[in-house]
1. Which residues, taken from the range B:42-76, are among the β-branched types (Val, Ile, Thr) and crowded, with 17+ Cβ neighbours inside 10 Å?
2. Given the range B:356-443, what helices (runs of 4 or more DSSP H) lie entirely inside it while holding 1 or more residues that are among the small types (Gly, Ala, Ser) and within 30 Å of B:Leu145 (Cα to Cα)?
3. Being of a type in the set (Ser, Thr, Tyr) and more than 11 Å from chain B (Cβ to nearest Cβ) is the filter; apply it to the range A:34-78 and report the residue that is farthest from A:Leu318 (Cα to Cα).
4. Among A:Val437, A:Val414, which is without any contact (Cβ under 8 Å) to a residue 60 or more places away in the chain and surrounded by 20 or more Cβ atoms within 10 Å (Cβ to Cβ)?
5. Check the range A:454-470 and report whether any residue there is under 52 Å from the mean Cα position of the chain (by Cα), surrounded by fewer than 18 Cβ atoms within 10 Å (Cβ to Cβ) and closer than 30 Å to A:Asn378 by Cβ.
6. Hey, among the residues in the range A:472-502 that are in contact with a helix residue (DSSP H, G or I) (Cβ under 8 Å, 6 or more places away or on another chain) and on the phi > 0 side of the Ramachandran plot, which one's surrounded by the fewest Cβ atoms within 10 Å (Cβ to Cβ)?
7. With the condition kept exactly as written, say whether any residue in the range A:57-64 is part of a strand (DSSP E or B) and of a type outside the set (Phe, Trp, Tyr).
8. Just the residues that are farther than 18 Å from A:Tyr184 by Cα and assigned to a strand (DSSP E or B), please, taken from the range A:219-236.
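The values are calculated or read from the model by the stated rules, or taken from the named source; none is laboratory data. These numbers were taken from a predicted model, which means no experiment stands behind them. Please note: Cβ atoms are built from the backbone with ideal geometry, for glycine as well, and neighbour counts cover all protein chains shown.
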Amino acid sequence: MSLTYEDVIAKYEPVLGLEVHVELNTNSKMFCGCSTIFGGEPNTQTCPVCLGMPGALPVVNEKAIESSILIGLALNCSITPFSRFSRKNYFYPDMPKNFQISQYDEPICVNGYLDVEIDTDEGIKKFRVEIERVHMEEDTGKSLHVGGATGRIHGADYSLLDYNRAGIPLVEIVTKIVPGTGKYAPEVAKAYVAELRDILRSLGVSDVRMEQGSLRCDANVSLRLIGAETLGTRSETKNVNSLRSVERAVRGEMIRHAELLNKGERVVQETRHFQEESGLTRSGRSKEQAEDYRYFPEPDLVPVAPDAAWIETLRATLPEQPTLRRKRLQSEWSVPDKEMAAMINADALDIVEATVNLGADPTRARGWWLGEISRIANEQGVTISDLKISPTDVAQIVALVAQGDLTDKLARQVVEGVIAGEGTPASVIESRGLKVVSDESALMAAIERAIAAQPETAEKIRNGHIPAAGALIGAVMKETKGQADAARVRELLLTHLGQPSD
Amino acid sequence: MITRAAHEMSAAMASGEISSVELTQAHLDRITSVDAQVHAFLYVDTEGALAQAQSVDDARARGESVGPLAGVPLALKDVMAQQGIPTTAGSKILEGWRPPYDATVVSKLKAAGVVILGKTNMDEFAMGSSTENSAYGPTHNPWDLTRIPGGSGGGSSASLAAFEAPLAIGTDTGGSIRQPAAVTGTVGVKPTYGGVSRYGLIAFSSSLDQAGPCARTVLDTALLHEVIAGHDVHDATSIDAPVPQVVRAAREGSVKGMKIGVVKELNGDGYQAGVRSRFEESLELLAKAGAEIVEVSCPNFEYALAAYYLIAPSECSSNLARFDAMRYGIRVGDEDGASAESVMNLTREVGFGREVKRRIILGTYALSSGYFDAYYGSAQKVRTLIMQDFNKAFTSADVLVSPTCPTTAFKIGEKANDPLAMYLNDIATIPVNMAGIGGMSLPCGLAPEDGLPVGFQVMAPAMQDQRMYSVGAALEASLLSQWGAPLLSQIPALVGAK
C-alpha cells in the first residue's frame, strides 16, 4: 500500500542536500588547450594532456579560476586566498589518468548562501539555502556500454570510450544540509536549482543546459521523524536532468524513504539513478563502505592564490542578481504576477528587456514576444530566441503600429515575414505592400462603392442602427486588402451617413 | 674524436675538421661495437640521428649560425617522450609505445641541433640505483662489466663512460643522475626543481623528479644545461626566472673567496675508506684554489631516506595508475568475456616489475585513509625540516659538499634481493631532491682499494645552480693538473672496441 505525500509530511521532516555540477563554458579544457565544444566526433578534442599520456602535465586554465570566483561571489561566498587541487584516485576506463584532479580539503570558495522564493497557497515563502563550498574539478570521459541489459559496464558486450569530455572544467556547488523546508522540500529544491541556473546564466560562465548535461544536480534526501534531532540516512539521486525532475526526484525519494521507515526497514546509503519515464529512482552504487580515494595534493600544480585586487575587480563586474532584476522589471513594467511568471517560464525576460531598451512600450513588447512570436515558435518547435526576429525588429514594429503606419493585423504579417527571412520590417512592408492606406479620398471612394453595393444596409445605419456598420467596414477593408485603418474607416463611414462616430 | 669533450667536438665541426654526419656515424659505429657488452641503449635511432646531423651540416654549409652543441650526439634516457620513437621508461608495460609528442627537453634539444642517438636503459620507471630493474636487462659499468653503472640512469652514464655518446640526458628523483655519474666517473647535474621542464618526462614522483644534463666534463654539462633549462608554460611547476649563468661559471671555474660547507652527516660511518680519502683530497685542492672549507650540520638528514620512501611511492602509486591497457602500451587478457577490470589487473600484473609493484603497494598504503597523516603527512613535515636544515647551512656556506655515494660501484646482483641496502646507496643524494635544490656529481678519482671511480657532490641553493659549476670546474681543473689526463683515460678498453 503506497503512501501519499500528505502521509509522509505528516510524520517526517525531509532534509535536503544539493550538489550541482556545472560545466564551465571556457573555450579550452581545465588543464589543456583542447576545445570544449559539445557534440564533436568522438575523441577529436583530445591531446596528450587530457588523454593522460605518459609524461604529459596539467596547467590550470586561468579563465576557469575566474569563472569559479565569479560563481563564489554571486553566491555570497568567501574566496579563499589559497586553495589547492588534489588527486582523487580510482580506476575507471573513462578516466584517462585513473585519478581525477579535483579540489578536496581546500576549495576556492566557502560559506555562502542563496535565497530562494516559492509561490505557495500561503503566499510567497522565502528560504535560505546555505552553500558549503564551490570547488573546481575536471570532468571524466564518457563510456558507452554496448550490449547487456542495463547499459552499464557489468554485463556489457563491449564498451566505447569518448574522451572529448575528459578535462572539461567543472564547478561543483555543494549546499550545507537544508532542514526546515517541510512539505515544500521538492519545490525548494527545484527553486534552488532554477535560481542557481539563472545566476550562472547571468554570469555568462556556463551554458547551463540541463538536457546536455552542462548543469547536473545530485539530490540528497533524508527523512527524520518530526521533532527528531539526528539526521536519517540519505540517498543521493543522480541523473536528474531537468528542473521538473529535481522536484519529482525529491518527492519520490521522500515517499520511498517513508515507506521503508514505516515498515521498520532501513534506508541504504547509496547512489540512486532517476528514471525520467517513471519518476522513480533505481539503486546504484552502495556508499555503505566509503570508498578510499587516497586524496593527496596534486604535485603537478601549484596552489591557486588569487590576488585580492583581482577578486575585487571581478566583484565589481557582477551582474544584478536575477531575483532582484525580476522584481525591478516587474514593477517598472507593471506586469501582473501571473504574466510575469509566464514570461519567466517562457525565458523571455532578456529579449523583452532588450526590446524595451530600444524604446518599445513594455506591454506591447511583451505582447508580441509572448503572443504571436511565441505561437510561431511553438508551431516550429523552437524557442523564441531561435527565430529570425530580433528585439530591434520588434521595437520597430511596435513603433510603426503606434504611429498608425501599421494596423495590428498588418503587423502580424510583418512579424511573419521577418521570421520567414524576408528581411527587416521595412523591407517586408515594402515587398508585401503592407502599408496602411491613409489616403482619405481613396478611402471615401471605397466607402461610396460599399454604400452603393449595399443600399439597404446604408439605410439601416442612417436610421441609427449602428451595429450594421460592420458589414460596410468589412467591405471597405476587403477592398483595401486590409490595409486601411478600420477605426478610421468606421469614423468616415458614420460621419458620411450622418451618425456620431464615437 | 669520440673520446673528446663535446665542446671540442663542436669546435672541430666549426673548423671543418669533421662533419656532424661523420661524428654521428663514429658514435653509431662505437655503439655497434661495444653496446652488446655495455647495454646502455634500448633503442638506437640511426636514421633520425643521421638526418638531424645532416641538417646541421647543411645549416653550417649555408653559413647559418648554429648553437654551441649543434651537431653533437646525445643519449636520451628512455623516460623522456620523443615523438615517434619507442619510449618504454624501462618497463614492459610500455613496450611498443611511440609517443605522439616531444617532451619539452626533446624539443629544445632538437631546436639546438643536438643529435639524439637513441634511448638509454634505466631502472623501470626510474625506480632503482643499479639499472638492474630494467625490464630489458641490466646495463654494465664500462669500468668493470660485472658491476652496476648506477641507477636509475645507468644507461645514460654508461654511454658516456663507454664513449658511445659525449652528452646524455638523465632524470633525478633521489639521485638517478648523480649516483650513476659517480660510479661511472662522469659528470651529472640535477638542476634546481623547476629549472628544467618536466613536460614529457614520464613521472615517477612529480614533486621530486627533475631532468638534467650528463657529460664527461663540467663545461659540457653546463652547455647542455643551458640548452634544456628555462621556463615552460606546459609545466606549472617550472620556474619563471632567467636560467642561472652556468656556462659562464663553468668557464671561469673560480672558487676564490667561496665558503664550502662539508655536511657532517654525509660522511664518516658507512662510507667506504677510498671514497672518504678521495673526498678529503678534493677538499684540500679546493682550499688551495682559494675556497674556505667549513663544517655544517644538517641533523634532520637522517630522516630523509625514510621520508623519501613514503613520498616517492605515494606519488608513484598515483602516477602509475594510468598504465591500464586502455589507451597505450601492452594489453593482457583481452579475451572474450574479459571485463575491463580484469584486463587492467592482468596487464599491470604482467607489465610491472617487482620493484615497481613494491613501491605502488607502499604508496597505496601510505595514502590510505587513516594512515595518510601518519605516513604521507609526517613525511611532508620531514621535508620541511630538511629544507630548514639546508637554509640554515646556506647561511654559513655558499655551497655544500659530500661524497655522492657511500661506496663505489657494487657487483650486479649483489643487492638485488636486499631493497634496503639498495636504498641506502642514495642516502647522500636524496636530501637535495627533498629540498628541491640543485646537486652535481663529478669524478674525484679512483678508490685505491678497488680502482673504481668516486663521486664528489656539490649542492647549491635553489636557482643558484651556477655555484655548483664554479666549484665543479675549479675542482676538475685541479684534479686534471694532478692526473695529467682525464680520469676516463684510465678506463679499461672494452673488448671489440676500435
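1. Scanning the range B:42-76 gives B:Val44, B:Val56, B:Val66, B:Val72.
2. Of the helices (runs of 4 or more DSSP H) lying wholly inside the range B:356-443, those with at least 1 residues that are among the small types (Gly, Ala, Ser) and within 30 Å of B:Leu145 (Cα to Cα) span B:419-424.
3. Among those residues, the one meeting the criterion is A:Thr44.
4. A:Val414
5. There is no residue in the range A:454-470 that is under 52 Å from the mean Cα position of the chain (by Cα), surrounded by fewer than 18 Cβ atoms within 10 Å (Cβ to Cβ) and closer than 30 Å to A:Asn378 by Cβ.
6. My answer is A:Gly498.
7. For the range A:57-64, residues part of a strand (DSSP E or B) and of a type outside the set (Phe, Trp, Tyr): absent.
8. A:Ser235, A:Glu236 - these are the residues of the range A:219-236 that are farther than 18 Å from A:Tyr184 by Cα and assigned to a strand (DSSP E or B).
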